[in-house]
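Structure first, commentary second.
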Amino acid sequence: MLLIDEARIVTEADGLAARGATVNEVLEFLRGKLSLDAFGMLLFDLPREDLPALSKLLPRMASDETQRNFTGDSGLSLLKPTVSFIRALAYNYAALRNRSLSGAKILDYGCGYGRMTRLLYYFSNPEAIWAVDPWDLAVNLCREANLAGNVAQSDYLPKGLPAPEAAFDVMFAFSVFTHTSRNATDAALSALRKHIAPNGLLAITIRPAEYWVVNPDYAPQAETYQAKHAAEGFAFVPHGRDTVEGEATYGDTSMTLEFLAANYPDWRIEATDWALADPYQRYVFLKPA
Ligand SMILES: C[S@@+](CC[C@H](N)C(=O)[O-])C[C@H]1O[C@@H](n2cnc3c(N)ncnc32)[C@H](O)[C@@H]1O
C-alpha cells in the first residue's frame, strides 16, 4: 500500500484539482513525487470517494470484470506486469536513444481499455499520447472512462492509423502481436511504420514456443504448434470469432525473432527484454530501417 507520505501527496493533488488545477498541472505535481508504481496504484484505483476532484479529472479504471476479460487478471496483480513493461519501455528507450521518455510522443496500439495508456501520463501530458484500437468496444471503454489524450479507432487490417505520420518517438503494442493472424500482423507492422518518427522506437510483445505448453488450453496439441513455430517461425490458432473480410484476424500467436527479422525488412530489431512478472510476453524493440 501507499506510504503515509505518498497518501498525503495524493490528497494534496485532490486539493489542487478541487481548486481548479488542470490535468497537466495535477500530473506535473504527482510525477515529481510518486514512484511509477505508486502512480499506477492511484490510477488503477480511481474513482475514489475520498478523492472526488481527482476522480473527476483523471480516468476511471475499468471494472475488474473488464480487466479480466482483456487480460485475464485485475487489480494490483495486473498492475505488476503492467508496471514491469512500462519500466522496461522507459529503460530501453533511454538506453537505446540516450533520451528520457519524459515528454515523448507515444502511441499505444491495441490499447484495449487503456490499461497501459494510463501509466504513460507519468511521462507525458495527454496531448502527446495516442490510444488506438480497432475494436469499438475498447475505444468506447476508453472514452467512457474519460481517458485523457487522443483516443481513436483503427482497422483490423490497417493501411494506416488515425494518427499523425512520421511523428511518434515511441509506439508500442502490448499483447497484440501475441494474438494477430499473419495478415493482421503484416498489416499492422506496415501501418505502424508510417507513423514512427525517424529516430523512434517500436516495442511489441511476442510469445515464445513455450507458450503452447504453459497455456492449458493448448497443452494437449502443444507439439503441433511448436513444430509450426519451429518450421515457419510463426504459429497462429484463430479464436474462431471476430472475422474481418471472412478472415479470423484474432487468436493466439507465437513467433520467432528470426521470423520478424526476415519478414519485416522496414523494421530492424534493436533489443529484446522480458520481465519475471510475465515471462511469456517477450519484449522486442524495433527501429525503422
Ligand atoms: C489482449 S488485449 C490487450 C490490450 C492492451 N494492449 C493491454 O495490454 O491491456 C488485445 C487488444 O488487441 C486489439 N486487437 C485485436 N485485433 C487487433 C488488430 N488486428 N490490430 C490491433 N489491435 C487488435 C483488441 O481489440 C484488444 O484491445
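Looking at region 191-210 only, could you name the residues that are open to solvent by less than 60 Å² (accessible area, probe 1.4 Å) and over 18 Å from Phe70 (Cα atoms)?
Pass one, region 191-210, residues open to solvent by less than 60 Å² (accessible area, probe 1.4 Å): 191-192, 195-197, 200-209.
Listed by number, the residues that qualify are Ala191, Leu192, His195, Ile196, Ala197, Gly200, Leu201, Leu202, Ala203, Pro208, Ala209.
Inside region 24-76, can you point out the residues that are among the basic types (Lys, Arg), under 18 Å from Leu120 (Cα atoms) and free of Cβ contacts under 8 Å to residues at least 60 places away in the same chain? Quick ask: steps written out before the conclusion?
First, the residues of region 24-76 that are among the basic types (Lys, Arg): 31, 33, 48, 56, 60, 68.
From the residues that got through so far, the ones that are under 18 Å from Leu120 (Cα atoms) too are 31, 33, 60.
Listed by number, the list holds a single entry, Lys33.
What number goes with the only condition from (1) surrounded by 18 or more Cβ atoms within 10 Å (Cβ to Cβ); (2) under 17 Å from the mean Cα position of the chain (by Cα); (3) small (Gly, Ala, Ser) that Ala235 does not pass?
(2) is the only condition that Ala235 fails.
Anything in region 61-107 that is within 19 Å of Leu46 (Cα to Cα) and of a type in the set (A, V, I, L, M)? List them, or say none.
Residues satisfying the conditions are Met61, Ala62, Leu76, Leu78, Leu79, Val83.
Any residue in region 156-168 that is out of contact with any His (no Cβ under 8 Å at 6 or more places or on another chain), over 22 Å from Lys287 (Cβ atoms) and in contact (Cβ under 8 Å) with a residue 60 or more places away in the chain?
yes
Only one of these is over 25 Å from Ala188 (Cα atoms), in contact (Cβ under 8 Å) with a residue 40 or more places away in the chain and open to solvent by less than 20 Å² (accessible area, probe 1.4 Å): Leu79, Leu89, Leu107. Name it.
Values: Leu89 fails: over 25 Å from Ala188 (Cα atoms); Leu107 fails: over 25 Å from Ala188 (Cα atoms).
None of the other options fit; the residue is Leu79.
The values are calculated or read from the model by the stated rules, or taken from the named source; none is laboratory data. A quick note: this is a predicted structure, and the numbers were derived from the prediction, not measured. Note that each Cβ is placed from the backbone with ideal geometry, even for glycine, and that neighbours are counted across all protein chains shown. The area values use the complete protein model at the heavy-atom level, side chains included, leaving out ligands, DNA and RNA. Shrake-Rupley method; radii C 1.70, N 1.55, O 1.52, S 1.80 Å.
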